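Every read-out reported here was derived from the displayed coordinates using simple, explicitly stated rules and does not represent laboratory data. Being a predicted model, the structure only gives us computed values, none of them experimental. All Cβ positions, even for glycine, are placed from backbone atoms using ideal geometry, and neighbour counts span all protein chains on display.
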Amino acid sequence: MEEKIMVEGIDLQELMVNWSNHLLYLWDTRHMIFKRFHVLHMSRTALEAAAWGEAYKPGSHELLTDIKAATYHNLLIEKHAGVWTAEILLDI
Amino acid sequence: MELKDLKKIHDNLYEIPRQGEMRVPGRIYANAGLLKDILSDKSPEQVMNVATLPGILKYSLAMPDMHWGYGFPIGGVAATDMETGVISPGGVGYDINCGCRLVRTSLSYGDIKNRIHDMVTSLFQNIPCGVGSHGAIPKLTRTEEEMVMVHGSAWAVKNGFGTQDDLDHTEESGCMSGANPDKVSDRARERGLNQLGTLGSGNHFIEIQVVEQIFDDTVAQAFGLFENGITFMIHSGSRGFGYQICDDYLKIMSHTASKYHFNLPDRQLACAPLSSPEGKDYMAAMACAANFAWANRQIMMHLSIGTLQKALGIGPREIGARLVYDVCHNIAKFEEHQINGGKQKVCVHRKGATRAFPPGHPLVPKDYRHVGQPVLIPGDMGRASYVSVGTETAMQQTFGSSCHGAGRLLSRHGAIKAARGRAIYRELEDQGIIVMSRGKKTLSEEMPEAYKDIHNVVQVMHDAGIAMKVARMRPIGVIKG
């Protein structure tokens, strides 16, 4: 199942948090789980991506814990030698 | 932060002197033992950050179960001025009106000691718990969801889940005024539609307990508690509905921070003046989530009572179930407190803290008014939980607030590491505690060692005169998400 996702944010931090929380929203309301993503367009304030995954199936997926939200707590987004790294804390 | 940075007020209270951008000093309720753990994380720095909030009054406070949170420390209490102060969604938390309710029964331990397994199994089968749980009651219509937002527990009672007596024994009677569904996003509404009557996962639980010790006979009697009596406790909140409202308003307020010239040390502390449109909108949306959470716990309590009756083959008269009280421990409320010698309406943020109002206070239920408000303090699933009672000292020192639990000691990751190679459910069973959980790792994350010693935490509040011990309950059966 493919899902087009578009999020906006006033800066990279907000973009990262909004992206993560959008995935949580899709989980909570449609029980969708994604494992492959392709970024189509990205700027410092907008992100458009395609995500592939499937609906939750109790026999095949193991759920560990609910995530309440992605937070700004100690949020880290860095670019080193052309590679982006992000560290994001989830409230569970 | 180190011990030398703190000023000792007395054995159970330490002060962080006002410095830098702090508008008021910080005050931490803890004894020397607990302080060692508290100083090992960054929660004291968060107490300092909260002290920078515009309009904060008297002190930025922290209870003995405090630990590192998001923006506010968990266990944090802050009151802000209605005119010059702010409201901060981080001071309430993602799980708006996460709270706890205690139900007493007429049963004694002897009546059910051989039936505990049946009771726990029945609860586990009948109360939806775990990640993505749903289905306790039919999915709400949009109109029904709005009624829940506005009426809270009263909606549940009107629809057959409980009685008027339950409302009388719930903080705010289970309905916070000022709720306005127009201030709730479509996304939050969508997340709430099929989550009412569900426990959730993480640290949420339903626990069957036996009253192990009574510390104050008169107060215990008023609360309907007796030694060896069976009680059960429900810990849950506003589920995805509340999480989404918090996230929505954190975003709105981080966008408007510059408009109000706020320069905050942490983005999670995003806030808006109480008198601003953003501040008022958040309060109206937060009240919707608070009401959702009360209805949620009300429904789960009603279903749990029916489930236990069926499991034991007894009727309502024999079980004698009655709600002792329901408290919220993630909330912001308008309350009257003594400020500079005069009574003043303020906004009290309780982020992981329980209201602890004294005898005689008009907001304490009528039948408890001569003794004070029950303060419910759930511990970890291996040790104990407590009922304490609010005091006048709490009104004077902590804006009528006390601790809300044991407080985490190990991170969830740390707990999983410590539990490796161990069968936590077996260890608990050996102690006479039957535990069932949906998530494989939940039991490891939530094992007793992951928490501070509840006895020590409650004792600090007792010795400081904030909330006096009434009864201690030992867990005998637990369901978790």
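Worth pointing out:
- Cα convex hull volume per residue for chain A (Å³): 111 Å³
- Paramagnetic reach from B:K158 (point 7 Å along Cα→Cβ, amide N under 18 Å) across the range B:280-296: B:287-296
- Assigned charges on the beta-carbon of Lys, Arg, Asp, Glu; the range B:3-480 dipole about Cα centre (debye): 720 debye
- Each Lys and Arg Cβ is given +1 and each Asp and Glu Cβ -1; about its Cα centre, the range B:1-104 then shows a dipole of about 260 debye.
- Excluding exposed DSSP-loop GluC sites (Glu not before Pro) (at most 15 other C-beta within 10 Å), longest clean stretch of chain B: B:228-481
- Whether the range B:250-405 is rounded, prolate or oblate, judged on the alpha carbon gyration tensor where a/c under 1.5 counts as rounded: prolate
- Dipole orientation for the range B:3-480: of the candidates B:C403, B:T170, B:L443, B:L443 has the Cα lying most toward the positive pole (charges on Cβ; Lys, Arg +1; Asp, Glu -1).
- Expressed in Å, the radius of gyration and Dmax of the Cα atoms of the protein assembly as shown are 22.6, 72.
- When the helices of chain B are scored as -39500 (n - 2.57) per DSSP H run of n ≥ 4 and the total is divided over every residue, the value at 222 nm lands at -9500 deg cm²/dmol.
- Cβ crowding within 10 Å ranks B:R422, B:R322 as B:R422, B:R322, fewest other Cβ atoms first.
- Label-point separation, B:K441 to A:L76 (7 Å along Cα→Cβ), nm: 1.9 nm
- Debye intensity ratio in log₁₀ form over the Cα atoms of chain B, taken at each q of 0.09, 0.12, 0.13 Å⁻¹: -0.54, -1.01, -1.21
- Placing +1 on the Cβ of every Lys and Arg and -1 on the Cβ of every Asp and Glu, with nothing else charged, gives the range A:2-91 a dipole about its Cα centre of roughly 200 debye.
- DSSP beta bridges fully contained in the range B:351-481 are about 75 percent antiparallel.
- Counted by neighbouring Cβ atoms within 10 Å, the residues B:K469, B:K58 run from fewest to most as B:K58, B:K469.
- Cα gyration tensor shape of the range B:118-236, rounded if a/c is under 1.5, else prolate or oblate by comparing a/b with b/c: oblate
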